[in-house]
Amino acid sequence: MRNRPTGFWQALETVPGAAAVDAEWKARFGNDYGAAKAFLRPNGKLASSHPCMVQRGCGCEHEVVVHGPEDIVAVCRCERGCETFVLQRSDIVVYELDRPTLDTALAKVFGLIEETDAGTDLPGTTRIGVYSPYAGYRFPVYLTIQIEPDDFSEAVDGLLGRNSTPFILLSPTRELCSAKAEKRLTDKRSGFVSLSESVAIGDKRQLRLLRPLDEVLAQFRSSNLPSPKEGDSMVFFPTPPDATWRDVSIRFKDGHTVSVKAKTAGGVFNYTQMGMANKKNGDPTVQWDLLKTFAEERGVLDWTSNKADRKNQKRRELLAANLQDFFRIEGDPFRLTDDGKGWQALFLISPDE
């Protein structure tokens with residue numbers, strides 16, 4: 001067998017077709033074998049060759065000769081002609097990498113939104129999920145397993161040609177990723193992650209990150225995500241990707257400032273930071289005034305309120321757009337009241353008390 005570094009991730013880039021007999025995988029996985037074999041499955045085929053198992057033997061592949069169900073041997077055909085050895089039927093069962101299981105484990109450890117259709121038309125490449133650190137931000141994540149640098153480069157070119165938005169590419173190691181290929185990715189604000197440098201294998205098909213996820217994806221995040229204090233007007237609010245309007249609460253601290261929460265994210269913002277400042281004079285917009293009215297009315301505004309006004313219909317539409325821009329949550333943040341004579345906020349809103 002070829003003398004190459006052993007380990008789970010390294011092995012995936014040395015076994016053609018990611019399929020081999022157990023003895024080959026065991027040699028390739030090295031100390032990772034006990035945990036790594038959980039990511040293998042029989043592919044229903046029997047091998048025609050087997051690694052040399054003779055002590056100080058030739059090291060070449062031996063031809064498998066089947067004389068009968070219980071009479072299987074491995075015969076050396078190379079010039080050195082080392083000994084023939086006996087095999088069991090289980091020794092020639094071919095095991096392949098269980099890609100769906102590996103894809104699922106990687107999606108879990110990277111906190112991805114999994115997708116049911118993970119296939120692509122690129123050999124050795126699957127789309128394992130979507131990285132969505134905040135609401136409104138979704139980036140596809142791919143895993144490519146190749147043997148040769150040229151094949152890796154073709155996978156990079158294929159993904160760049162098929163994606164108009166940035167994506168993340170995972171690979172077992174960085175051995176096949178040339179500086180040129182990595183630059184092509186970074187030039188398109190896409191990211192490359194070497195799994196051998198970032199992920200460790202554990203028992204029961206479990207993987208774990210060697211560093212916090214934000215560190216693993218630090219370069220990608222800096223290229224594609226705004227900072228919380230970016231911009232002179234509306235700031236970036238880190239809304240969790242699974243948040244809905246019912247997870248949002250807004251509490252006025254004074255006439256110009258609110259305390260905002262959306263699940264685990266929160267902060268204190270003024271009307272300018274929430275994108276509701278008049279561009280001409282910097283004063284609060286009528287939408288901000290309407291938000292204060294909803295707070296004073298505990299989230300329900302109808303014709304019984306002394307702030308009722310026919311102009312509120314258009315103002316409410318603009319306020320809804322402002323809130324959608326700030327939180328990046330889909331759908332209208334308001335609904336008609338049950339009697340159809342007013343509007344009710346889907347989020348919790350309260351005045352300064």
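What the table below lists for this structure:
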read-out: Residue among Phe220, Leu170, Phe252 farthest towards the positive dipole end of the stretch 163-265, charges placed on Cβ; value: Leu170
read-out: Portion, in percent, of the accessible area of the chain that falls on carbon or sulfur, probe 1.4 Å; value: 47 percent
read-out: C-alpha long axis of helix 149-162 to longest principal axis of the chain, angle in °; value: 30 degrees
read-out: Estimated distance in nm for a label pair at His67 and Lys280, the labels positioned 7 Å out from Cα along Cα-to-Cβ; value: 10.0 nm
read-out: Heavy-atom surface of the chain, accessible at 1.4 Å and reported per residue (Å²); value: 53 Å²
read-out: Hz values of 3J(HN,Hα) by residue in the stretch 214-222 - Karplus curve (6.51, -1.76, 1.60), Gly and Pro given as x; value: 4, 6, 4, 9, 4, 5, 5, 5, 5
read-out: Rg in Å to one decimal, and Dmax rounded to a whole Å, for the stretch 37-195 via C-alpha atoms; value: 20.9, 64
read-out: Helix axis angle, 99-109 relative to the chain longest principal axis, alpha carbon, degrees; value: 40 degrees
read-out: Charge dipole of the chain about the Cα centre (unit charges at C-beta), most positive-ward option of Met274, His62, Ala47; value: Met274
read-out: Separation of the Thr101 and Arg335 label points, Cα + 7 Å toward Cβ, nm; value: 4.4 nm
read-out: Gyration tensor verdict on the stretch 189-311 (Cα atoms; rounded if a/c is under 1.5, prolate if a/b is larger than b/c, oblate otherwise); value: prolate
read-out: Enclosed volume per residue, in Å³, of the convex hull spanned by Cα atoms of the stretch 241-336; value: 104 Å³
read-out: Volume in Å³ per residue [convex hull over Cα atoms, computed for the chain]; value: 183 Å³
read-out: Listed residue pairs exceeding 28 Å between alpha carbons, taken from Lys263/Lys292; Lys45/Lys108; Lys108/Lys188; Lys180/Lys204; Lys253/Lys314; value: Lys45/Lys108; Lys180/Lys204
read-out: Net charge dipole size for the stretch 261-327 [Lys, Arg +1 and Asp, Glu -1 on Cβ; Debye, nearest 20]; value: 100 debye
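The values are calculated or read from the model by the stated rules, or taken from the named source; none is laboratory data. Remember, predicted model here, so these are calculated numbers, not experimental data. Every residue, glycine as well, gets a Cβ built from its backbone with ideal geometry; the counts of neighbours run over all protein chains shown. Only protein heavy atoms, including side chains, enter the accessible area calculation; ligands, DNA and RNA are left aside. Shrake-Rupley method; radii C 1.70, N 1.55, O 1.52, S 1.80 Å.
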